[in-house]
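Q: First the structure, which I've put down as structure tokens, then a few questions once you've had a look.
The values are calculated or read from the model by the stated rules, or taken from the named source; none is laboratory data. Remember, it's a predicted structure, so these values are computed and weren't measured experimentally. Cβ placement follows ideal geometry from the backbone for every residue including glycine, while neighbour counts extend to all protein chains displayed. The area values use the complete protein model at the heavy-atom level, side chains included, leaving out ligands, DNA and RNA. Shrake-Rupley method; radii C 1.70, N 1.55, O 1.52, S 1.80 Å.
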Amino acid sequence: MMKQWISAVLLTCSMSLTMFVMPVQAKDLPDFTELAEKQGPTVVNISTTSVVHGNGGGMGFPGMPNDENLQELLRRFGIPGMPGMPGQEGGQDYKTQSLGSGFIISGDGYILTNAHVVSEADEVLVKLSDKREFKAKIIGADKRTDVALIKIEATGLPKVVVGDPGALKVGEWVAAIGSPFGLENTMTAGIVSAKGRALPQENYVPFIQTDVAINPGNSGGPLFNLRGEVVGVNSQIYSKSGGSMGLSFSIPIDVAIDISNQLKSSGRISRGWLGIGIQEVTKDLADSFGLKQTSGALIAGVEKNSPADKGGLEVGDIILKFDGKPIVTSADLPRVVAAIKPGKVVPVEIVRKGASKTLQLGIGEMPNEQADAQPSSKEPAKPESNKIGLTLRELTPQQKKKLNGKNGLLVVESVGAAAQAGIRRGDVILGLNNNESQSVDLFNKQINAVAAGKTVAVLVLRGENTLYVPIKVSK
């Protein structure tokens, strides 16, 4: 009886385990086999060769291999060549090679990839999945979005199906195909971790973040959804090791296709432009402006005679909507503006000194270069510092000329609350909250009138950039 009872208990436990385990095993998991089979032929391997002119001064190691994967890694993460690497000796020219990926967007040989893969190349070689190789022509490359369009002379090629990145959902399965470390047609998979991700120094791309394993050599390859549609171009990773750490970023395919169409039709990119400097609306800045919300883009600088200046935008304005699109963070604004055709007039909703206002603004075309205006900081110091720890002096006529005649106060010394907030010697104070700084006496009177414990927003010019710095006035 005891033996039968034990057997019954074991059977019951086994059945119970089956009841709990089976639903998990039966749950539908993604099957990427069809995607790999159908879309693999649309992905290409790209190898580039660049001639570099040696600058001399190094001992050199003639036997050191010219590892293309190392070159790709160093280039992508902005690491300069180290002394003693090949080509450093005697000013001799040498060749470097790098690897990347791409994908075919039309049957007549147009291929999308990353700008950083091909922009510095003297020769671009494309290898298809059927082992055929072609020399490619660079149609154009846009470094601001890291998108490039290249062309091979072939017809009847398999091409990708373009999907809608806007329909992606966080948690959705996606897959990448590329050539990590030169391993052609490698597939990796993961999920969408976030959408519309803003990255430092990347103002024009709302990146798709995934945990798909992306490594050097994957750059420029496609990101697919489960329907086999390409939704992104794999571009960047965040990594301490140089390999995948689950933080991968892809350019939405609609952004990349728009860039490729412009490169194909005109060989150049036309972007909307305002001529303003912006920053995030932090809690401290919102308090100093008397705002209840921290959304929007705070205007910290307006270039003279720019579309923003002509349209009536002012320093201290907070843009909440642009052409009907909400500006939740400051990173939203450059992408929205850049996407608008130059010459179009759009409505802009702002908050100015606590009051809402709508302006009609004409969009300009982004210039290739911005003017540089840097004030000098070599004038003798004045001994007195004000309530927040700033020792200031008024600008000379020559310094004002560099600022297009604007008034400003040169920071001779910064201590106390001002130094803790990040203001430093050589900065130029342009205003306090929404008031222009016309003289040292006026600025100090305005500071003295602020109650202890309150936060003020000081408008600072540093180099060519302006930003508001919140400073809490000491008790």
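Q: Every residue in the range 208-226 that is closer than 15 Å to Asp254 by Cα and assigned to a strand (DSSP E or B), please.
A: Ile208, Pro222, Leu223, Phe224, Asn225
Q: Can you find a residue in the range 243-262 that is farther than 23 Å from Lys159 by Cα, open to solvent by 50 Å² or more (accessible area, probe 1.4 Å) and touching a residue at least 24 places away in the same chain (Cβ under 8 Å)?
A: Step one: list which residues in the range 243-262 are farther than 23 Å from Lys159 by Cα, which gives 243-248.
Those left that are additionally open to solvent by 50 Å² or more (accessible area, probe 1.4 Å): 245, 247.
If we keep only those that are touching a residue at least 24 places away in the same chain (Cβ under 8 Å) as well, we get 247.
Yes: the range 243-262 contains one or more residues that are farther than 23 Å from Lys159 by Cα, open to solvent by 50 Å² or more (accessible area, probe 1.4 Å) and touching a residue at least 24 places away in the same chain (Cβ under 8 Å).
Q: Take Lys406 and decide whether it is open to solvent by 40 Å² or more (accessible area, probe 1.4 Å), at pLDDT below 85, closer than 29 Å to Glu303 by Cβ and not in a loop (DSSP other than H, G, I, E, B). Write out each step before concluding.
A: Working: open to solvent by 40 Å² or more (accessible area, probe 1.4 Å): yes; at pLDDT below 85: yes; closer than 29 Å to Glu303 by Cβ: yes; not in a loop (DSSP other than H, G, I, E, B): no.
Here the answer is no, as Lys406 does not meet what is asked.
Q: Exactly one condition in (1) at pLDDT below 90; (2) assigned to a helix (DSSP H, G or I) is not met by Asn305; state its number.
A: All conditions pass for Asn305, except number (2).
Q: Could you please tell me which pairs satisfy a Cβ distance under 8 Å, a separation of 6+ or placement on different chains, a first residue in the range 447-475 that is at positive phi, and a second residue that is open to solvent by less than 10 Å² (accessible area, probe 1.4 Å)?
A: Gly453/Val473
Q: Do the conditions hold for Glu464, that is, is it surrounded by 12 or more Cβ atoms within 10 Å (Cβ to Cβ) and over 31 Å from the mean Cα position of the chain (by Cα)?
A: On the way: surrounded by 12 or more Cβ atoms within 10 Å (Cβ to Cβ): yes; over 31 Å from the mean Cα position of the chain (by Cα): no.
Taking the combined requirement at face value, the residue does not satisfy it.
Q: List, please: which pairs have Cβ atoms under 6 Å, are six or more places apart or on different chains, and start with a residue in the range 151-166 that is of a type in the set (Lys, Arg) and end with one that is loosely packed, with under 14 Cβ neighbours inside 10 Å and in a strand (DSSP E or B)?
A: Hits for this filter: Lys151/Lys137.
Q: State all residues of the range 432-462 that are closer than 21 Å to Ala286 by Cβ and among the hydroxyl-bearing types (Ser, Thr, Tyr); if no residue qualifies, say none.
A: Thr455
Residue-by-condition table, conditions (1) under 17 Å from the mean Cα position of the chain (by Cα); (2) aromatic (Phe, Trp, Tyr); (3) open to solvent by 10 Å² or more (accessible area, probe 1.4 Å):
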position	(1), (2), (3)
Leu149	no, no, no
Ile152	no, no, no
Thr155	no, no, yes
Asp164	no, no, yes
Thr186	no, no, yes
Val192	no, no, no
Phe207	yes, yes, no
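Q: Does any residue in the range 412-429 that is under 15 Å from Val456 (Cβ atoms) come within less than 8 Å, Cβ to Cβ, of a residue that is of a type in the set (Phe, Trp, Tyr) six or more places away or on a different chain, and which pairs are these?
A: Ile429/Phe443
Q: Sticking with this one: Could you check, for the range 78-90, whether at least one of its residues is modelled with pLDDT under 50, open to solvent by less than 10 Å² (accessible area, probe 1.4 Å) and more than 17 Å from Val233 (Cα to Cα)?
A: Taking every residue of the range 78-90 in turn, at least one turns out to be modelled with pLDDT under 50, open to solvent by less than 10 Å² (accessible area, probe 1.4 Å) and more than 17 Å from Val233 (Cα to Cα).
Q: I've got another one for you. Working only within the range 410-461, note down all residues that are in a helix (DSSP H, G or I) and open to solvent by 30 Å² or more (accessible area, probe 1.4 Å). Lay out the reasoning, then the answer.
A: Start the filter on the range 410-461 by keeping residues that are in a helix (DSSP H, G or I), which leaves 416-421, 440-448.
Correct list: Gly416, Ala419, Gln420, Ala421, Asp441, Leu442, Asn444, Lys445, Gln446, Asn448.
Q: Here's a follow-up. Which condition from (1) modelled with pLDDT of 95 or more; (2) within 22 Å of Asp258 (Cα to Cα) is the one that Val192 breaks?
A: (2)
Q: Taking the range 127-149 as the region of interest, how many residues are in contact (Cβ under 8 Å) with a residue 60 or more places away in the chain and not small (Gly, Ala, Ser)? I'd like the intermediate steps shown before the answer.
A: Initially, the range 127-149 is screened for residues in contact (Cβ under 8 Å) with a residue 60 or more places away in the chain, giving 127-130, 136, 139-142, 144-149.
Checking the rest, the ones that are also not small (Gly, Ala, Ser) come to 127-128, 130, 139, 142, 144-147, 149.
The number of residues fulfilling the criteria is 10.
Q: Additional query: Would you be able to say whether some residue in the range 155-172 is part of a strand (DSSP E or B), farther than 30 Å from Ile276 by Cβ and not hydroxyl-bearing (Ser, Thr, Tyr)?
A: Filtering the range 155-172 down to residues part of a strand (DSSP E or B) leaves 161-162.
Keeping just the survivors that are farther than 30 Å from Ile276 by Cβ gives 161-162.
Cutting the leftovers down to not hydroxyl-bearing (Ser, Thr, Tyr) gives us 161-162.
Looking for residues that are part of a strand (DSSP E or B), farther than 30 Å from Ile276 by Cβ and not hydroxyl-bearing (Ser, Thr, Tyr), one finds at least one in the range 155-172, hence yes.
Per-residue answers, yes or no, for (1) within 24 Å of Phe181 (Cα to Cα); (2) assigned to a strand (DSSP E or B); (3) touching a Pro at 6+ places or on another chain (Cβ under 8 Å):
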| site | (1), (2), (3) |
| --- | --- |
| Gly242 | yes, no, yes |
| Asp258 | no, no, no |
| Gln262 | no, no, no |
| Gln279 | no, yes, no |
| Asp284 | no, no, yes |
| Leu291 | no, no, no |
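Q: Among the listed residues Lys240, Lys310, Lys321, Lys304, identify the single one that is on the phi < 0 side of the Ramachandran plot, open to solvent by 30 Å² or more (accessible area, probe 1.4 Å) and touching an Asp or Glu at 6+ places or on another chain (Cβ under 8 Å).
A: Details: Lys240 fails: touching an Asp or Glu at 6+ places or on another chain (Cβ under 8 Å); Lys310 fails: touching an Asp or Glu at 6+ places or on another chain (Cβ under 8 Å); Lys304 fails: touching an Asp or Glu at 6+ places or on another chain (Cβ under 8 Å).
One residue alone meets the criteria, Lys321.
Q: Select from the range 111-127 the residues that are out of contact with any Ser or Thr (no Cβ under 6 Å at 6 or more places or on another chain) and open to solvent by 10 Å² or more (accessible area, probe 1.4 Å) and list them in ascending order.
A: Listed by number, the residues that qualify are His116, Ser119, Lys127.
Q: When only residues in the range 263-299 that are of a type in the set (Gly, Ala, Ser) and more than 20 Å from the chain's Cα centre (by Cα) count, which is surrounded by the most Cβ atoms within 10 Å (Cβ to Cβ)? It would help to see each step written out before you state the result.
A: So the first thing to find is which residues in the range 263-299 are of a type in the set (Gly, Ala, Ser), and the list is 265-267, 270, 272, 275, 277, 286, 288, 290, 295-297.
Narrowing the set further to residues that are more than 20 Å from the chain's Cα centre (by Cα) leaves 265-267, 286, 288, 290.
Numbers: Ser265: 9, Ser266: 10, Gly267: 10, Ala286: 20, Ser288: 23, Gly290: 10.
Ranking the qualifying residues of the range 263-299, first place goes to Ser288.
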